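Novice: Can you read through this structure? Questions will come right after.
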């Protein structure tokens, strides 16, 4: 977990471009990403000594708005982080499904 600018960031995963990655049942690749014009320095989930400067995005679905940090950390490989608040929503969604 990493704190930055009043947000706590939790690693969601590292996937190849387009490979499903979801929180609260929402695949982040399936919706347009709205840039929040913010960046955050986080550490690669698989290689924690490797810092990564990631952009912060929002997607909006009919049910919710999700903020996440993402970036290409290797050729065609992306790291995703969600906020601690989103992780709580994800946990509640998993309990109900």
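Computed from the coordinates by the stated procedures, all read-outs in this text should not be read as laboratory data. Computed from a predicted model, the values in this text were never measured in an experiment. Cβ placement follows ideal geometry from the backbone for every residue including glycine, while neighbour counts extend to all protein chains displayed.
Novice: Order these by the 10 Å Cβ neighbour count, fewest first: 54, 92.
Specialist: On the way: 54 23, 92 11.
Exposure proxy ranking, most exposed first: 92, 54.
Novice: May I ask for the angle, rounded to the nearest 10°, between helix 84-96 and the longest principal axis of the chain, with both axes built from Cα atoms and the value confined to 0 to 90°?
Specialist: 40
Novice: Same structure, new question: Of the candidates 12, 28, 36, which one comes out as most mobile in a Gaussian network treatment of the chain with C-alpha springs shorter than 10 Å?
Specialist: Checking each option, the largest mean-square fluctuation is seen for 36.
Novice: Separate question: Based solely on its DSSP helices, what 222 nm [θ] is calculated for the chain when runs of n ≥ 4 H residues each add -39,500 (n - 2.57) and the sum is averaged over all residues, nearest 500 deg cm²/dmol?
Specialist: -4000 deg cm²/dmol
Novice: Oh, and also: How high is the relative contact order of the chain, given as a whole-number percent (alpha carbon pairs under 8 Å, six or more residues apart)?
Specialist: 31 percent.
Novice: Let me ask something else about it. Would you mind ranking 52, 72 by Cβ crowding within 10 Å, fewest neighbours first? Don't skip to the end; give the middle numbers.
Specialist: Values: 52 18, 72 12.
Exposure proxy ranking, most exposed first: 72, 52.
Novice: Another question about this same structure. Counting other C-beta atoms within 10 Å, which of 47, 78 has the fewest, and how do the rest follow?
Specialist: Placing the least packed residue first, the sequence is 47, 78.
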